[in-house]
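The values are calculated or read from the model by the stated rules, or taken from the named source; none is laboratory data. Keep in mind it's a predicted model, so treat the numbers as computed, not measured. We place every Cβ from the backbone using ideal geometry, glycine too, and count neighbours over all the protein chains shown.
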Amino acid sequence: MGCSAYCFHCLFDHGTPVILVVSSKKVGFIFRLLQLCIIVYVAVYVCWYKRAYQERDSVISSVSTKVKGNILTNSSAFGTHVWDTSEYVIPPQGENSFFVLTNAIVTQGQTQGSCPEIPSEFTNCQSDSDCKEGLKEIRGNGVQTGKCVQYSETIKTCEVLSWCPLENDTVIPKPALLSAAEDFTVLIKNNIQYPKFKFRKRNILRHINSTYLKNCTFNHKTDPHCPVFRLGDIVTESGEDFSIMALKGGIIGIFIDWSCDLDFNERFCVPKYSFRRLDNKNPENNVAPGYNFRYAKYYMNNENTETRTLIKAFGIRFDVIVFGMAGKFNIVPTIVNVGAALALLNLMKVICDWFMLNCLSDSEYYSKHKFKHLKPKDESETFSFTDQSSYGTP
Ligand SMILES: Nc1ncnc2c1ncn2[C@@H]1O[C@H](COP(=O)(O)OP(=O)(O)OP(=O)(O)O)[C@@H](O)[C@H]1O
């Protein structure tokens, strides 16, 4: 063929695929079934469940909390004592979490001096030779003076320089000192935003007015949007008993889920609350249970000596954990996912061809018609068909 004829063919010939229509119920059924599966997968999983047509953004949030409630206790450590929020919330404000004191071991009137150590296998002694001057026992309460002194009528322990008298935390008050703290309430203020969509909202929703806020308490059924929570309800919803947890303390997670579909009206984007215990409560691994720490209140006594009250505080720390993703329609993920769905539909044709050429009794017959071998024109003027035994070897 001359160069000009070749160019002519290139410019004006049109190539079109030959379509082989196979009237086989089996192949037709499999093809439609696979197509249906793909359509269901794309419609249900990709579009409805995964919302793959949406652009997504994750939540940014800020949290502040305020606990309220007063209780009256009558204990040997404090006498008759009214507890208010400034006393049992430690520290007064925290980052995404707050701690409520529920139990305490109190050691009153400690001053700097020397006193016998609390008895233990490391501190018990018979004579001064069992104690070492200057020894700082990590788990002890002070620095040893080298003397062995009487702790009680029958027990002698090494003397230490420390804040005396020493704390004895072997007995924990039972029931917990502030077990009535379950009636305290906490107001959680939570502001969120999805910067990609310029969307902002807070958990004190538009319909909540100050009268409602003053009187409501969160309840999943009756007041699901009230941002005031009763501590006892939070602990009960996380599957715990407040009076037991109050003894040694623990950690509870308050989860706020802000997952939103921003294709719908903004008013449907509301927080969903759930509660779970976060620290270990496995009864088989109950070494070091609960949550506690120590702090002291300092003052000058009548002799103008610095004195302190040491408090080993047990309580429940509530961690507010905000999470969520928002989605909004966007053309780019829509095109990508429609393209992927179309590609999958095309893949079905390949699977059906394979089935037709390998699994049916007439596969040889179909194979013969599926693959055409066209010989060069100078060898033969006619088309010929060649037997094929398997798909992919034309
Ligand atoms: N833990 C809580 N339980 C119940 N209501 C609360 C709680 N914390 C705050 N509130 C009430 O919610 C409203 C808003 O609280 P916010 O702290 O913004 O205002 P406030 O006037 O400083 O509150 P207050 O002075 O009463 O502590 C107030 O009416 C407040 O009394």
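For this structure, a couple of remarks:
- Exactly one residue out of Tyr273, Tyr298 is hydroxyl-bearing (Ser, Thr, Tyr), within 16 Å of the ligand (Cβ to nearest atom) and part of a strand (DSSP E or B), and it is Tyr273.
- Restricted to the range 169-204, and to residues there that are in contact with a helix residue (DSSP H, G or I) (Cβ under 8 Å, 6 or more places away or on another chain) and within 30 Å of Asn330 (Cα to Cα), the residue that is farthest from the ligand (Cβ to nearest atom) is Phe199.
- Long-range neighbours under 6 Å by Cβ, at least six apart or interchain, first residue in the same structural domain as Val67 (by TED's automatic domain parsing) and under 23 Å from Lys174 (Cα atoms) within the range 217-246, second assigned to a loop (DSSP other than H, G, I, E, B) and within 16 Å of the ligand (Cβ to nearest atom): Arg230/Thr217; Leu231/Phe184
- Any hit, the range 45-53, residues being outside any helix (DSSP H, G or I), touching a residue at least 40 places away in the same chain (Cβ under 8 Å), surrounded by 15 or more Cβ atoms within 10 Å (Cβ to Cβ) and touching a Ser or Thr at 6+ places or on another chain (Cβ under 6 Å): yes
- Candidates are the residues of the range 201-240 that are loosely packed, with under 12 Cβ neighbours inside 10 Å and within 22 Å of the chain's Cα centre (by Cα); the one that is farthest from Lys68 (Cα to Cα) is Gly239.
- Filter pass, Glu133 being more than 23 Å from Leu177 (Cα to Cα) and acidic (Asp, Glu): yes
- None of Thr102, Thr107 is out of contact with any helix residue (DSSP H, G or I) (no Cβ under 8 Å at 6 or more places or on another chain), at pLDDT 90 or above and among the hydroxyl-bearing types (Ser, Thr, Tyr) except Thr107.
- Taken over the range 52-84, the residue count meeting the criterion of being away from the ligand (no atom under 16 Å from the Cβ), at negative phi and among the small types (Gly, Ala, Ser) is 6.
- Test result for Thr217, within 16 Å of the ligand (Cβ to nearest atom) and part of a loop (DSSP other than H, G, I, E, B): yes
- The criterion of being charged (D, E, K, R), within 30 Å of Tyr53 (Cα to Cα) and surrounded by 13 or more Cβ atoms within 10 Å (Cβ to Cβ) does not hold for Lys312.
- Listed by first and then second residue, the pairs with beta-carbon distance under 9 Å, at least 6 apart or on different chains, first residue in the range 157-185 and closer than 29 Å to Val67 by Cα, second within 16 Å of the ligand (Cβ to nearest atom) and hydroxyl-bearing (Ser, Thr, Tyr), are Leu178/Tyr88; Ala181/Tyr88; Phe184/Thr85; Phe184/Tyr88; Thr185/Thr217.
- The range 226-265, subset farther than 30 Å from Lys50 by Cα and in a strand (DSSP E or B), residue nearest to the ligand (Cβ to nearest atom): Val228
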